[in-house]
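What follows is a single structure, written as C-alpha cells, with notes after it.
The values are calculated or read from the model by the stated rules, or taken from the named source; none is laboratory data. None of these values were measured; they are calculated from a predicted model. Backbone-built Cβ (ideal geometry, glycine too); neighbour counts: all protein chains shown.
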Amino acid sequence: MDAVMESLQGLGAFALYFSISLVALVVFKFLYTLVTPHDEWALVKEQKNTAAALGLGGAVLGFSIALAGAASNAVDLIDFGVWAIVALIAQVVAFALVRFIYMPKIVTRIENDEVSAGIVLAGISIAIGILNAACMTY
C-alpha cells in the first residue's frame, strides 16, 4: 500500500501537465487551422474530406509527440510552456515548408480530397514532431 501511495504523490503534477497539454492541443488546433488557407475542420466535419482529416490528424499527432517531449524534459511549467510554443511553431513551419517548397499545390489538393496529399502532409507533420521531441532532450 505504501508503494501505491508513494506513486500517487506525483498525481498533482501529472494532472497539471496533462491539463496544460490538453489546453495546448486545443490552442494548437485552433491556431493551426487559422494559419492554413483552408478550414480543415470544416472540410472534415461538413465535407467528410479524408485528405484534410489526414493532414490535420498528422499535425495534431506531430504536435502531441513534440508536446510529450517537452513535458518529459521540462524542468518546470515555464520551461514546458516555452517548449510547447516552440513545438507549435515547428508544426506551422512544417506546413509552410510543404506548402511553399515541397508541394506548392497542397492546399488545392487537400480541398479536392486527394488522399495522397493528406498522407504526405500527415507524414511530414509527424516527422517534424518526432524530430522536435528528440531535439528537446537536453
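Considering region 116-138 alone, what residues qualify as being under 25 Å from residue 48 (Cβ atoms) and surrounded by fewer than 17 Cβ atoms within 10 Å (Cβ to Cβ)? Matches in region 116-138: 116, 119, 123.
Summed over region 72-94, the residues that are part of a helix (DSSP H, G or I), more than 18 Å from residue 59 (Cα to Cα) and not polar (S, T, N, Q) give a count of 6.
Condition test on residue 31, is it modelled with pLDDT of 85 or more, under 25 Å from residue 79 (Cα atoms) and of a type outside the set (Phe, Trp, Tyr)? Yes: the conditions hold for residue 31. Sort out which residues of region 95-138 are outside any helix (DSSP H, G or I), of a type in the set (S, T, N, Q) and within 16 Å of residue 41 (Cα to Cα), and write them in order of number. If the condition is that a residue be outside any helix (DSSP H, G or I), of a type in the set (S, T, N, Q) and within 16 Å of residue 41 (Cα to Cα), then 112 is the only one that fits.
Here residue 79 meets the list (1) within 18 Å of residue 136 (Cβ to Cβ); (2) modelled with pLDDT under 90; (3) of a type in the set (Asp, Glu) almost entirely, failing just condition (2). Of the residues making up region 34-44, those that are without any contact (Cβ under 8 Å) to a residue 24 or more places away in the chain and either exposed (fewer than 14 other Cβ atoms within 10 Å of the Cβ) or not hydrophobic (A, V, I, L, M, F, W, C) (or both) are 34, 39, 42. Within the bounds of region 91-109, is there any residue that is modelled with pLDDT of 95 or more, in contact with a Ser or Thr (Cβ under 8 Å, 6 or more places away or on another chain) and surrounded by 21 or more Cβ atoms within 10 Å (Cβ to Cβ)? Scanning region 91-109 turns up no residue that is modelled with pLDDT of 95 or more, in contact with a Ser or Thr (Cβ under 8 Å, 6 or more places away or on another chain) and surrounded by 21 or more Cβ atoms within 10 Å (Cβ to Cβ). In region 72-87, of all residues being aliphatic (A, V, I, L, M) and over 14 Å from residue 21 (Cβ atoms), the one that is surrounded by the most Cβ atoms within 10 Å (Cβ to Cβ) corresponds to 86.
Only residues that are in contact with a Phe, Trp or Tyr (Cβ under 7 Å, 6 or more places away or on another chain) and of a type in the set (A, V, I, L, M, F, W, C) were counted across region 96-138, and they come to 1.
For region 1-33, a residue qualifies if it is surrounded by 10 or more Cβ atoms within 10 Å (Cβ to Cβ) and more than 18 Å from residue 80 (Cα to Cα), and the qualifying residues are 8, 29, 30, 31, 32, 33.
Scanning region 38-52 turns up one or more residues that are assigned to a helix (DSSP H, G or I), touching a helix residue (DSSP H, G or I) at 6+ places or on another chain (Cβ under 7 Å), hydroxyl-bearing (Ser, Thr, Tyr) and at pLDDT 95 or above. Restricting attention to region 45-57, the residues being surrounded by 15 or more Cβ atoms within 10 Å (Cβ to Cβ) and out of contact with any Gly (no Cβ under 9 Å at 6 or more places or on another chain) number 0.
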